[in-house]
């Protein structure tokens with residue numbers, strides 16, 4: 001990836017990430033994932049598969065759940081990005097994060113940022129998510145530790161708490 | 001993007017067509033809908049007319065990848081990428097879609113049915129862009145059947161996928177369209193199978209003839225996801241299941 005881009009011209013690209021405007025000179029075909037991790041030091045988004053199958057690199061781009069390994073940074077120009085780092089401190093997320101802790105929804109932690117962002121996107125659109133909604137909402141996020149049950153239970157618990165809050 | 005990052009994309013100059021408003025519209029006319037090639041699977045799943053009149057396409061959009069993929073992947077991208085395993089393409093064959101192709105030379109409208117000429121080869125010229133996919137609004141009274149067989153329910157590339165439409169007159173199959181993915185170098189409409197079934201009443205004998213004909217029409221391969229034998233067997237079974245359900249749909253009315 002680096003080698004492929006090094007000989008080509010860079011462009012100035014600007015976006016808002018976790019509330020802060022960032023402007024940098026990068027190759028337009030750099031993956032958003034690499035820019036977040038390497039240029040901006042936001043290492044919460046992980047690279048699992050690098051081909052959009054595992055969801056470890058999930059971020060919200062203009063409020064939409066995406067795999068940042070599949071986004072050329074050019075397409076993130078002037079957007080508003082939320083990564084797992086930006087979600088901490090938002091009341092709604094504390095609820096999800098607490099539920100993940102209590103239900104054993106996180107083990108090795110590689111999938112967890114993506115799981116939480118996917119769950120947050122799901123609960124935003126379906127606050128009263130059924131188990132079927134949860135399974136579908138997280139179907140693009142792979143976990144090799146938990147067997148998923150604890151993760152689904154954590155999201156269901158967060159959804160119940162939101163309903164009674 | 002995956003191919004680019006791996007250094008496997010030959011094109012040196014790339015133009016981003018993501019989110020162009022002209023490509024992101026679903027236009028409704030009395031006799032057809034025109035889906036902009038830049039519409040995402042999420043756009044397709046959320047569109048009321050597609051959900052009601054083109055269920056095969058709405059279902060296939062829901063099979064594709066996970067939610068994050070559905071938020072970014074586009075119908076035009078699925079066509080241009082031309083994978084024989086693409087989930088949305090059999091639906092386009094069943095609905096006899098037409099494509100609007102655009103270049104500096106103007107626009108042309110071509111039937112989708114023979115658009116894929118060989119593995120990963122299509123009929124569009126080097127300077128042409130897929131602008132829209134047109135579907136005639138004439139399938140509301142058809143029975144529709146779609147099924148994907150993969151290693152898991154989501155985020156799996158199909159071993160076999162089927163999109164089929166049928167209409168009965170009394171016990172007789174008046175019209176039938178069956179299209180399959182992942183079992184040939186291109187998404188395939190099962191023309192011979194349709195001919196064998198059309199004009200007949202569905203009984204046990206017809207189910208086995210249809211299954212056998214379907215199996216003979218496809219050319220599946222062994223690969224990382226499945227085997228030739230499995231794909232052939234399952235394709236025949238799915239065609240038979242579709243016909244059984246089509247016959248049962250008449251009894252339920």
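The values are calculated or read from the model by the stated rules, or taken from the named source; none is laboratory data. What you are looking at is a predicted structure, and each value in this text was computed from that prediction instead of being measured. Note that we place each Cβ from the backbone using ideal geometry, even for glycine, and neighbour counts take in every protein chain shown.
Filter the helices (runs of 4 or more DSSP H) completely within the range A:56-165 down to those with at least 1 residues that are farther than 27 Å from residue B:156 by Cα and without any contact (Cβ under 8 Å) to a residue 24 or more places away in the chain. Reasoning before the result, please.
On the way: elements: A:84-87, A:91-103, A:112-125, A:131-137, A:149-164.
Once the helices (runs of 4 or more DSSP H) in the range A:56-165 are filtered for at least 1 residues that are farther than 27 Å from residue B:156 by Cα and without any contact (Cβ under 8 Å) to a residue 24 or more places away in the chain, what remains is A:91-103, A:149-164.
Given the conditions (1) in contact (Cβ under 8 Å) with a residue 24 or more places away in the chain; (2) over 15 Å from the mean Cα position of the chain (by Cα); (3) in a loop (DSSP other than H, G, I, E, B), which single one is not true for residue A:46?
Looking at each condition in turn, residue A:46 falls short on (2).
Six or more apart or on different chains, Cβ under 8 Å: which pairs go from a residue in the range A:1-25 that's closer than 13 Å to residue A:39 by Cβ to one that's part of a helix (DSSP H, G or I) and modelled with pLDDT under 95? Could you list them?
A:17/A:86
Looking at A:94, A:18, which is the one that is in the same structural domain as residue A:143 (by TED's automatic domain parsing) and farther than 18 Å from residue B:73 by Cα?
Values: A:18 fails: in the same structural domain as residue A:143 (by TED's automatic domain parsing).
The conditions single out A:94.
Could you please find all residues in the range B:31-47 being within 14 Å of chain A (Cβ to nearest Cβ) and in contact (Cβ under 8 Å) with a residue 40 or more places away in the chain?
Across the range B:31-47, the qualifying residue is only B:41.
Cβ-Cβ distance below 8 Å, separation of 6 or more or different chains: which pairs start in the range B:206-218 with a residue that is in the same structural domain as residue B:173 (by TED's automatic domain parsing) and end on one that is outside any helix (DSSP H, G or I) and surrounded by fewer than 19 Cβ atoms within 10 Å (Cβ to Cβ)?
B:206/B:200
Quick check: anything in the range B:137-147 over 28 Å from residue B:29 (Cβ atoms) and either within 14 Å of chain A (Cβ to nearest Cβ) or modelled with pLDDT of 90 or more (or both)? Before the answer, list the steps.
The initial filter retains those residues of the range B:137-147 that are over 28 Å from residue B:29 (Cβ atoms), namely B:147.
Restricting the remaining residues to those that are either within 14 Å of chain A (Cβ to nearest Cβ) or modelled with pLDDT of 90 or more (or both) gives B:147.
Yes, some residue in the range B:137-147 is over 28 Å from residue B:29 (Cβ atoms) and either within 14 Å of chain A (Cβ to nearest Cβ) or modelled with pLDDT of 90 or more (or both).
Being farther than 20 Å from residue A:51 by Cβ, outside the structural domain of residue B:194 (by TED's automatic domain parsing), touching a residue at least 12 places away in the same chain (Cβ under 8 Å) and under 17 Å from the mean Cα position of the chain (by Cα) narrows it down to one of B:74, B:28, B:117, so name that one.
Answer to the check: B:117.
Restricting to the range A:105-138, and then to whatever is farther than 12 Å from residue B:66 by Cβ and facing chain B (nearest Cβ under 10 Å), can you tell me which residue is nearest to the chain's Cα centre (by Cα)? Break it down into steps so the answer makes sense when it comes.
As a first pass, look at the range A:105-138 and keep what is farther than 12 Å from residue B:66 by Cβ: A:105-113, A:116-117, A:119-120, A:123-134.
Those still in the list that are facing chain B (nearest Cβ under 10 Å) too: A:117, A:125.
Details: A:117: 5, A:125: 16 Å.
By that ranking, first place goes to A:117.
With the range B:10-118 as the region, which strands (runs of 3 or more DSSP E) entirely inside it contain at least 2 residues that are over 26 Å from residue B:156 (Cα atoms)? Give the derivation first.
Details: elements: B:26-28, B:32-36, B:98-103, B:106-111, B:116-118.
Ranges flagged: B:26-28, B:32-36, B:98-103, B:106-111.
Hey, any hits in the range B:48-59 for a residue that's touching a helix residue (DSSP H, G or I) at 6+ places or on another chain (Cβ under 9 Å), within 14 Å of chain A (Cβ to nearest Cβ) and in contact (Cβ under 8 Å) with a residue 40 or more places away in the chain?
Looking through the range B:48-59, at least one residue is touching a helix residue (DSSP H, G or I) at 6+ places or on another chain (Cβ under 9 Å), within 14 Å of chain A (Cβ to nearest Cβ) and in contact (Cβ under 8 Å) with a residue 40 or more places away in the chain.
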